[in-house]
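Colleague: Dropping the structure in here first, questions after.
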Amino acid sequence: MPEIPPVADAATAAPTWSVVIPVHDCAGYLARALPEVLAQLGERDDAEVLVLDDASTDDPGGVVERLGRGRVRYLPNPGHLGAIGTFNRGVTLARGRLVHLLHGDDLVLPGFYAAFEAALADETVVAAVCRARDVDADDRPTHTTRSYRRGTGVWTDALASLVLSNRVRTPGIVVRRSAYEEVGGYRTDLPHAADWEMWTRLAAHGPVVFVDEVLACYRRHAGSDTSARVRTGANVRERVTAVGVVLSHVPERRRRPLGRRALLYAAVFASRTALQQARAGHVRTAARQLREALRCLRLVPGGGVPTAPATPSPDPVPTPG
């Protein structure tokens, strides 16, 4: 995975917050996201907001100019880097002690940054995670993630829980920049599971706090990459591959039992998706999800899939600019 270098001007006092907003053809959604971010952080002199444009064909720069109040930096990528390349560039450019990656089509809810700043007050905590609400293209709620502990505090079984499934919605996690420097950036060989692998890597590295509040919204819409992969069943196949990767972050004696549970969970996940698709009238998609569920079940008795190396060859980090 790529290295994340320390902030170049470390001698200068770092801001508390870096909100990094990757965008690709979602200028309309960006216009919904920016006002709440700025309402919470816009008057603070210890926060920066960066919009990284990954070769959009719409006009996110215009949205920043219109709504950014002079507090938002618009930074086009040097070419099309893709989601993971943009994540790594954003973390590298971020100067804040706390880094929030907020996809341009997602949202934060009131109180997000205050709650996370409190959750990360202990310098030993590497990251904090909150509950999130799934919303559709028109901001209508479709699902709310559950609590993984009662009340806000250290998520003691975070690693085991995250190995079973990606429990984190990306807008609902904040990572200490120094933790990124220590564990490295997002793996570019996992284009659809790099976030999941990162969360398990962080949980293996240090304490994670669970914020038992719904403070972020994760958008699911027909044009998203996730929706396209559901239609082909690729979402489940990639999930199986990811299980082999995240298992590398747990002690070897725990890998086989956790692998069985993770694959069983993947089969349940695919079956639930099939039911949802069938109810929506998407019969072919439902059939593909059921087929992938059966494939997962066939893998369960053996205890999972071969574990991938925890540390692949380093990838270059795009030059900040």
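Colleague: Using only the Cα atoms, work out Rg/Rh for the stretch 94-205, with Rh taken as the Kirkwood radius, to two decimals.
Modeller: Ratio of gyration radius to Kirkwood radius for the stretch 94-205: 0.93.
Colleague: Suppose we take every Cα in the stretch 225-302 and form the convex hull; what volume per residue is that in Å³?
Modeller: Residue-normalised Cα hull volume stands at 71 Å³.
Colleague: Measuring from label point to label point, each 7 Å out along Cα→Cβ, what is the R140 to E252 span in nm?
Modeller: In this crude spin-label approximation the distance works out to 5.3 nm.
Colleague: Would you kindly state how much longer the chain becomes between L294 and V268 on full extension, computed as 0.36 nm times their sequence separation minus their alpha carbon distance, in nm to one decimal?
Modeller: 8.4 nm
Colleague: Something else now. I need to check one value: relative contact order of the chain, counting alpha carbon pairs closer than 8 Å and at least 6 residues apart, in percent.
Modeller: 21
Colleague: Further question on the same structure: Binning at 10 Å from 0, report for the stretch 126-175 what percent of all alpha-carbon pair distances ends up in each bin.
Modeller: Going out from 0 Å in 10 Å bins, the stretch 126-175 shows 22, 55, 20, 3 percent.
Colleague: Looking at [x] 155; [y] 130; [z] 170, which value of volume of the Cα convex hull per residue in Å³ comes from a calculation on the structure shown?
Modeller: Derived directly from the coordinates: [y].
Colleague: May I pose another question? For n ≥ 4 DSSP H runs only, could you compute -39500 (n - 2.57) per run for the chain, divide by its residues and tell me the 222 nm figure to the nearest 500?
Modeller: Theoretical 222 nm ellipticity from helices: -13000 deg cm²/dmol.
Colleague: Once Rh is set to the Kirkwood radius over Cα pairs, what Stokes-Einstein translational diffusion coefficient, in µm²/s, holds for the stretch 1-100 at a temperature of 4 °C and a viscosity of 1.567 mPa s?
Modeller: The calculation lands on 93 µm²/s.
Colleague: Applying the Karplus parametrisation 6.51 cos²θ - 1.76 cosθ + 1.60 with θ = phi - 60° to the phi angles of the stretch 256-270, what ³J(HN,Hα) value in whole Hz is obtained for each residue in order, glycine and proline being reported as x?
Modeller: 5, x, 5, x, 4, 5, 5, 6, 5, 5, 4, 5, 5, 4, 5
Colleague: Grab the Cα-Cα distance for R260 and R69, subtract it from 0.36 nm times how many residues apart they are, and report the gain in nm with one decimal. Kindly include the intermediate steps, with their values, before the conclusion.
Modeller: On the way: separation 191, 0.36 × 191 = 68.76 nm, distance 5.10 nm.
This chain segment gains 63.7 nm when fully extended.
Colleague: Using the number of other C-beta atoms within 10 angstrom as an exposure proxy, rank L159, L297 with the fewest first. Display every interim value, and only then the final one.
Modeller: Details: L159 22, L297 16.
Placing the least packed residue first, the sequence is L297, L159.
Colleague: Can you tell me the relative contact order of the stretch 225-302? Whole percent, Cα pairs under 8 Å, sequence separation 6 or more.
Modeller: Relative contact order of the stretch 225-302: 37 percent.
Coordinate-derived values only; no laboratory data. Only a predicted model underlies this, so the values are computations on that prediction, with no experimental measurement involved. When we count neighbours, we look across all protein chains shown, and the Cβ atoms used for this are built from the backbone with ideal geometry, even at glycine.
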